[in-house]
Structures are given as C-alpha cells and as structure tokens.
Amino acid sequence: MCIRDRMSTEAPIVLVYWPVRARGEHLKLLLEYLGLPYTTKYYQNGAWEAWMADKAKLNCDYPNVPHIIDGDKVISETDAIAHYLCLKARRPELLGRTPDQKVFVRTLRAVIVDLLEAIMTYHRSGKANVQELSVSVVLPRLERISRQLGNDLWLAGDITYVDFLFGELLQMIGAYAYPALQKCPNLMAYSYNFESLPQVAAYRASPRNDLRRFFPPNPAEKVTRVR
C-alpha cells in the first residue's frame, strides 16, 4: 500500500488558526503540495474566549495558534508543524538534503520570519504609508534575499519548506509593499514560478483558498493596499 493510500484511510489533519493568512497560509500551501488531507478550523475575529477555552483543554505542551491536530497529536509552532508535515509525508528532503543545506534552510527561515514579523509589526502600528513600509521596512531585507537567490529557481537550490513560507510572504509584500518587490525582478520571477507549481495553482483556484485578508481588520488598511 502506498503512502497516499494509507493517508486516504486516516482522518484529515485539522489546521487551526484565525481567519487570516498571516502565519497560517503557508502551512495550507505545504499541505496542498504534500497531498496530505486536511480541514481547517478558524476562530472568527473576536472569538478570543472560545480560543482560551479550547487552549486549556489541548493536549499540547505549548498551545498556540496556528496548530494542527492529527489524531491524538497536537503540534504547535509553525516551524515544528512544517517539519512534522514533511516527515509525515515522507518528504524529509524538503527539510534539506545535506547537513549544510539543512543549516542553510533554517537560516533562511529565520531571515524570512524576521521580515514577516517586521511587516506585521508595522501593520499593527496603524500606519498606512506604502512608501515608508516599502523603503524602510521591506526593501533592505528583501534585497539581501534577492542577492542570495541570484538566478536560482529556489532559495536553497532545491525546493524546501521555506519556499512555501517565502512564496506566501511575497504575496503579502505584493499586496502591501509592491514598490519594494518591483525593485527585485528575480523575486518577481521566483513568485511566478512558485505560484505556477501545479499544487499551488490548483489551490489558488479552488474553494479551499478561502482567505483574502492577510491580517485582522485595521482602520488604516483601506489606504495600505496599493498596487
């Protein structure tokens, strides 16, 4: 029996998060790429008490959102979730093929998460200056990644789980800081290649692609999304 046959007899993984893309969407993309059956559970904005009630009952040492529920297992923290999914699907090469590549992948992830957190912090501040976000916050970090990528197809040479994190981040940057992305043509080509992956393209065109907001509602958002 092949792994896909075995997975079809299992209950689907449940991905639990808020109804925004933010830190959870790249995990959906990874699930799609791996072909792992899954469903989603969203705590609607403002449902903090519901999450607190569920959090107290979770069989998890460090309960947080997003998290996944797979049978009797509850996995929290996005990096741990990504590792778990790659190993469950028997795709350990997505974590890196060699010791050096594995270390490089983890370095890349830290750099990408720093950029994601910087954008999210700026958004939470209520500011709505696209040029400031693009030039002061995004572009210096994005240019470093652009130089490292060069003419390669994927960040670590081979496709790895960090490409799903970065591919989704580029969608966020395209929505909120497009001038920065325009200055990195190789990253625009990278984004096109990522979105052209059959599993990603099929997901984007499906009803499963059910989230449009990157962040919770913000009064400044109406003037932030410029492209």
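Things to note:
- Note on segment 77-227: dipole from Cβ charges, positive end direction compared against Ile81, Gly126, Val111; the farthest Cα belongs to Gly126.
- When the solvent-accessible area of the chain is split by element, carbon and sulfur atoms take up 54 percent of it, the probe being 1.4 Å.
- If R0 is 30 Å, the Cβ-Cβ spacing of Thr107 and Ala50 corresponds to a FRET efficiency of close to 0.20.
- Sum of side-chain charges, Thr98 neighbourhood, beta-carbon under 14 Å (Lys, Arg +1; Asp, Glu -1): 0
- Judged by the mean number of other Cβ atoms found within 10 Å, the most tightly packed of the peptides 130-140, 47-57, 148-158 leads the ranking 130-140, 148-158, 47-57.
- Note on mean projected area of the Cα convex hull in nm²: of the candidates (1) 14.5; (2) 11.8; (3) 13.1, the value calculated from this structure sits at (3).
- Gain in span if fully extended, Gln131 to Trp154, counting 0.36 nm per residue against the direct Cα distance: 5.5 nm
- Within the chain, helix-based [θ] at 222 nm, where runs of 4 or more DSSP H residues each add -39,500 (n - 2.57), nearest 500: -15000 deg cm²/dmol
- Cα-derived Rg over Rh, computed across segment 62-153 with Rh taken as Kirkwood radius: 1.06
- Between Tyr38 and Ile13, the built amide H atoms are under 5 Å apart, and every one of these is 5 or more places off in sequence or on another chain.
- Net charge contributed by nearby residues that have their C-beta within less than 14 Å of Tyr42 (K/R +1, D/E -1): +4
- Extension gain for Gln199 to Cys60 (0.36 nm times residue separation, less C-alpha to C-alpha distance): 47.0 nm.
- Near Ala205, once Lys and Arg are set to +1 and Asp and Glu to -1 for all other residues with Cβ below 15 Å from its Cβ, the sum equals +1.
The values are calculated or read from the model by the stated rules, or taken from the named source; none is laboratory data. Owing to the predicted nature of the structure, the values given are computational and were not obtained by experimental measurement. When we count neighbours, we look across all protein chains shown, and the Cβ atoms used for this are built from the backbone with ideal geometry, even at glycine. Surface accessibility is based on the protein's heavy atoms, side chains included, excluding ligands, DNA and RNA. Shrake-Rupley method; radii C 1.70, N 1.55, O 1.52, S 1.80 Å.
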